Amino acid sequence: MKKNLTIIIILIATGLFAIKNWKVHTNTTHVFDVIETGNELLIATWGGLVNYDLDTGSFGKTLTTIDGLDSNDIRALDYLESTNEILVGTAGNGINRIGESGFLTSITETLGLQSNTINKITHNDSLIFVATKFGVSCFMDDPDFPFPLLLKNFNVENGLSANDITSMQLSEGNIFFGSIAGLDYVHIDSLDVVSSWHHLNTNNSILPSDNVTSISIYSEKIAIGTDDGILLSENMFNQTVLIDVGLPIYPVYVDEQLNLWYSYGIWDLERLILTDTMDIAITRISVDGSCETWGKDESGLTTNKVKGFREINGNMSAFTWGEGIYFFNELSWENIKTNSITANVVTDIEIDLDSKVWVCNGHFADGMISKGTRGISGYDGSNWVNYNCSNSDLRSDNITSIGVDALNRKWFGAWSTDNSVTGWMSGISVLDDSESIEWDHITASSDSIYNNCISHIAKDIENRMWVCSYDGGVAVLDENANLISKFTIPNDEQQKIIISHYSGNRVSVGSYFNGFRIWEDSSIPDSLHNYWTVPPFDDLFSSCMVFGISAKNNNGIEETWIASSAGLFMYNGEYWYKYGTHVKKKVWDGSQWFWNEDIPDPEYWYYEGQERLYGSISTYPTALFIDPFGMIWIGTQDAGITIFDTSRDKFINLTTENTPLISNTITDFAYEPKTGTLYIGTNSGMNSVEIGISAEMNEETELFETLVYPNPFYPENGDILRIENKGSITMPRGNTYCRIFDLNGNIVMEIEKDIYEQFSWDGLNKAGKKCGSGIYLYIVSAPGGQTAKGKIALVR
């Protein structure tokens with residue numbers, strides 16, 4: 001089980017690199033399930049397990065993978081009252097069990113579970129029933145064992161009409177299963193007797209459709225929702241009626257007063273959306289036969305996407321897909337929802353001039369995707385604001401790129417080649433939120449961009465906006481969206497450009513299919529000159545997708561780093577280099593890749609025990625970021641992050657196994673220099689983590705208590721001692737220094753702040769010689785007469 005990691009200390013040779021204060025940002029307004037445990041609600045969302053205090057009316061902590069969950073995509077919940085245990089069913093990692101002492105042994109395929117993809121969970125005394133993608137598993141919760149014991153699995157071969165169970169309900173000793181093949185039910189005492197199973201479908205009953213979407217039972221009243229109406233029985237199928245035949249029903253619920261509640265729609269599991277919804281959001285048919293409806297935007301409701309109903313504290317509630325939970329007080333619906341990012345896929349991250357974080361979640365294709373294509377989100381460090389094409393003038397919810405211009409306006413590029421989704425339009429939406437919310441738009445009709453399918457937007461160091469149009473070319477505009485110039489890549493018929501980068505010395509362009517090109521001049525590419533450089537090898541020239549481009553100044557030499565489906569490359573204006581997991585580095589010698597194949601050379605070969613790029617996993621880089629300290633952050637398709645310290649030729653790998661990283665699939669990086677926070681985009685949400693502030697951005701003035709680690713420290717093992725200003729990411733700015741004394745009062749070393757604006761010591765004295773084992777004293781002195789002191793234990 002992953003532990004709650006709050007600080008990761010990474011030692012790199014003679015320097016120390018610290019990353020700390022990890023946070024997770026996921027969407028928690030899309031609700032799959034809700035259970036009540038005493039005075040709190042537990043809410044299953046696709047972004048974690050949310051806690052809501054019914055007494056105070058406030059949200060508590062959201063549990064995610066950073067806290068120990070195996071997945072943030074929570075699909076089902078159950079509460080075992082006898083053991084005070086919570087069962088948390090996930091979309092692909094089985095069931096987490098949470099008891100009074102914390103996380104318990106998970107229920108997974110290893111213990112016999114039919115599938116790790118959980119649809120529903122329920123229990124009867126010590127029996128636990130789990131509906132999965134491939135059938136139903138029945139477990140016995142035995143207090144003498146540390147985990148539930150599998151009794152039997154059920155599928156189409158021994159009782160079920162279909163394996164993928166969409167709904168499950170227990171009542172009076174019977175258990176009911178809904179699927180695309182109708183309704184199955186059996187008494188739990190006869191589960192092993194195949195002939196005791198009952199099957200209802202359109203061939204043998206008045207069930208309006210075989211596609212059962214939901215089941216609800218109270219006393220002897222049963223409601224079965226289908227994609228073609230409701231079958232309602234007052235006495236376990238003895239008195240049945242059909243309701244709203246011809247309409248897709250999802251979900252249904254029978255309350256304690258035997259009233260029927262339901263909504264309309266079809267749950268699309270593939271795309272994780274509700275389709276075919278109606279203006280009527282919720283219908284109630286009372287036990288006396290009277291009918292009442294509530295429409296979207298009526299009586300407090302703001303959505304018609306209802307995922308389920310629950311009675312909570314005697315009142316009806318409806319949990320929704322995107323708008324949290326609504327409580328009904330007989331007069332109106334009152335909403336509660338978390339303040340969170342709008343979706344869990346992160347495509348692009350940008351920081352505006354007010355240090356606000358902007359995130360989009362689109363994809364390089366038409367149509368919707370399951371956990372993205374929900375618009376854009378902005379984050380000021382405390383609160384999220386979300387825009388989509390329904391609540392704003394954003395042209396589309398499929399936003400793939402964000403740019404921030406010199407006036408702090410946000411440019412959101414929409415991807416579309418066919419406008420196949422109703423209400424979506426392509427082009428660029430421009431948001432000015434400086435005083436009020438004002439929107440503008442840039443489209444190809446103005447002739448300022450090639451076409452409206454936008455793949456990338458970026459501001460260069462001269463405040464020009466570079467706009468890449470897929471199947472078009474690159475347009476360069478000023479901050480007022482006036483066209484400066486346009487260009488295309490020569491000898492490329494497709495022009496499927498998805499990224500451009502201007503360093504001040506050269507222009508780099510990456511394609512979806514045709515690799516990488518460089519314009520070897522500080523000018524904007526044009527047709528009058530030929531400054532184009534093509535990689536002299538096939539790897540990066542054709543049949544290759546470019547994901548990221550970054551530039552680094554290395555002692556006056558500009559290095560261009562390229563992340564592509566063909567691997568990690570670097571070009572310094574003279575030589576091309578390729579980095580890999582087997583051979584550390586290769587150089588192109590004009591005709592082939594050279595790595596001193598016959599003689600193990602540490603410049604090209606990994607030495608024994610050296611950590612390798614991507615942790616030696618076969619993958620490819622998908623994102624690049626060069627931090628203020630010269631470290632290259634390399635995001636990968638499925639191996640997390642590699643930090644490359646080129647000055648020391650060292651690799652450090654961060655994954656979901658050794659850090660609170662939310663996913664090993666990395667999509668983007670963005671750095672906020674005032675707080676030293678790095679934002680990491682993934683396919684499952686966003687992480688933020690403090691990596692340090694440069695001296696230029698250091699605004700700290702107060703010296704707090706100091707934190708020293710590791711203490712004791714062992715220099716012979718490669719330890720570097722770190723002395724930090726506790727409670728701050730830096731020491732105070734200005735003339736802050738640290739002196740180290742031996743117990744005789746002799747000054748052993750005087751240390752200046754390192755590149756991270758903290759102190760680090762390698763155990764050497766002023767003469768560069770090793771200090772012996774013993775106790776040492778340190779004093780940190782800062783402007784204004786501030787001091788802090790402590791002891792250090794050095795062990796050789």
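The values are calculated or read from the model by the stated rules, or taken from the named source; none is laboratory data. Quick caveat, the model's predicted, so the values are computed rather than measured. Glycine also receives a Cβ, built like all others from the backbone with ideal geometry; neighbour counts cover every protein chain displayed. The protein model used for the area step is the full one, side chains on, heavy atoms only, and it has no ligands, DNA or RNA in it. Shrake-Rupley method; radii C 1.70, N 1.55, O 1.52, S 1.80 Å.
Would you report the distance distribution of C-alpha pairs in the chain as whole percents per 10 angstrom bin, up to the bin with the largest distance?
Percent of Cα pairs in each bin: 2, 12, 19, 21, 19, 14, 9, 3, 1, 0.
For segment 66-112, what is the largest minus smallest coordinate of the Cα atoms on each principal axis, given in angstrom and ordered from greatest to least?
Result, largest extent first: 27, 26, 17 Å.
Sum up the charges of everything whose Cβ sits under 11 Å from the Cβ of Asp210, counting Lys and Arg as +1 and Asp and Glu as -1, but leave Asp210 out. Don't skip to the end; give the middle numbers.
Details: positive: none; negative: Asp227, Asp228.
Cβ neighbours under 11 Å give a net charge of -2.
What do you get for Rg/Rh over segment 273-425 if you use C-alpha atoms and the Kirkwood form of Rh?
My calculation of the ratio gives 1.05.
Ranking request for peptides 550-556, 512-518: highest mean number of other beta-carbon atoms within 10 Å first, then the rest in descending order.
Details: 550-556: 12.7, 512-518: 21.3.
The densest-packed peptide leads the list: 512-518, 550-556.
What is the Cα radius of gyration of segment 432-497 over 2.2 N^0.38 Å, N being its residue count?
Values: Rg = 12.8 Å, N = 66, 2.2 N^0.38 = 10.8 Å.
Working it through for segment 432-497, the quotient is 1.19.
May I ask for the net charge around Asn746, where only other residues with Cβ less than 13 Å from the Cβ of Asn746 are counted and Lys, Arg are +1 while Asp, Glu are -1? Mind dumping the intermediate values first?
Working: positive: Arg739, Lys766; negative: Asp742, Glu750.
Taking every Cβ under 13 Å from that of Asn746, the sum is 0.
Given a cut-off of under 8 Å on Cα pairs at least six residues apart, what relative contact order in percent is computed for segment 431-588?
Numbers: 341 pairs, mean separation 18.0, N = 158.
Relative CO of segment 431-588 lands at 11 percent.
Using mean Cβ contacts within 10 Å as the protection proxy, how do 640-650, 413-423 order, highest first?
Details: 640-650: 19.1, 413-423: 16.9.
Top of the packing list down: 640-650, 413-423.
If you line up the Cα atoms of segment 473-565 on their principal axes, what length do they span on each, largest first, in Å?
38, 37, 23
Normalised by the empirical 2.2 N^0.38 Å for globular proteins, what value does the Cα Rg of segment 544-603 take? Walk me through the intermediate numbers first.
Values: Rg = 12.2 Å, N = 60, 2.2 N^0.38 = 10.4 Å.
Here the answer is 1.17, to two decimals.
What translational D, rounded to a whole number of µm²/s, comes out for segment 185-342 from Stokes-Einstein when the hydrodynamic radius is the Kirkwood one over Cα pairs, at 37 °C and 0.692 mPa s?
Values: Rh = 16.6 Å.
The calculation lands on 198 µm²/s.
Within the set Lys133/Lys221; Lys23/Lys650; Lys578/Lys650; Lys674/Lys726; Lys120/Lys371, which residue pairs have Cα atoms separated by over 22 Å? Walk me through the numbers before you get to the answer.
Values: Lys133/Lys221 28 Å; Lys23/Lys650 26 Å; Lys578/Lys650 16 Å; Lys674/Lys726 18 Å; Lys120/Lys371 20 Å.
Beyond 22 Å between Cα atoms: Lys133/Lys221; Lys23/Lys650.
Heavy-atom accessible area of Ile243 with all protein chains present, probe 1.4 Å, nearest 10 Å²?
30 Å²
Evaluate the Debye formula for segment 186-234 with equal point scatterers sitting on the alpha carbons, no solvent, and hand back log10 of I(q)/I(0) at q = 0.14, 0.16, 0.29 Å⁻¹, in q order, two decimals.
-0.41, -0.53, -1.05
At a 1.4 Å probe radius, carbon and sulfur cover how many percent of the accessible area of segment 17-96? It would help to have the intermediate numbers written out before the result.
Working: 950 of 2280 Å².
Here carbon and sulfur together make up 42 percent of the probe-accessible area.
Quick one: accessible surface of Phe487, probe radius 1.4 Å, all protein chains present, in square angstrom to the nearest 10.
Its accessible surface works out to 10 Å², give or take rounding.
May I ask you to derive the relative contact order of segment 110-196, considering only C-alpha pairs under 8 Å and at least 6 residues apart, and to give it as an integer percent?
Details: 183 pairs, mean separation 18.1, N = 87.
Worked out over segment 110-196, it gives 21 percent.
Rounded to the nearest percent, how much of the accessible area of segment 289-422 (1.4 Å probe, protein heavy atoms only) is carbon and sulfur? Walk me through the numbers on the way to the answer.
Details: 1980 of 4860 Å².
Carbon plus sulfur share of accessible area: 41 percent.
In units of 2.2 N^0.38 Å, what is the alpha-carbon radius of gyration of segment 580-670? Walk me through the numbers before you get to the answer.
On the way: Rg = 14.0 Å, N = 91, 2.2 N^0.38 = 12.2 Å.
Expressed relative to 2.2 N^0.38 Å, the Cα Rg reads 1.14.
Ranked highest first by average number of other Cβ atoms within 10 Å, how do 335-346, 231-242, 180-191 line up? All intermediate terms of the calculation are to be shown ahead of the outcome.
Numbers: 335-346: 22.7, 231-242: 15.2, 180-191: 18.6.
Going from most to least packed, we get 335-346, 180-191, 231-242.
Using a 1.4 Å probe on the protein chains only, how many percent of the accessible area of segment 446-505 belongs to carbon and sulfur? Show your work: numbers first, answer last.
On the way: 890 of 2370 Å².
The computed percentage sits at 37.
Tell me the relative contact order for segment 98-152 as a rounded percent, counting alpha carbon contacts under 8 Å between residues six or more apart.
Values: 89 pairs, mean separation 15.3, N = 55.
Here the relative contact order equals 28 percent.
With every protein chain kept in place and ligands, DNA and RNA left out, what is the accessible area per residue of the chain? Probe 1.4 Å, answer in Å². Before the final figure, lay out each step's value.
On the way: 32470 Å² over 796 residues.
With the other protein chains kept in place, the chain gives 41 Å² per residue.
For segment 339-418, what is the convex hull volume of its Cα atoms per residue in Å³? Let's see the in-between values first.
On the way: hull volume 7.2 nm³, N = 80.
Enclosed volume per residue, from the Cα hull, is 89 Å³.
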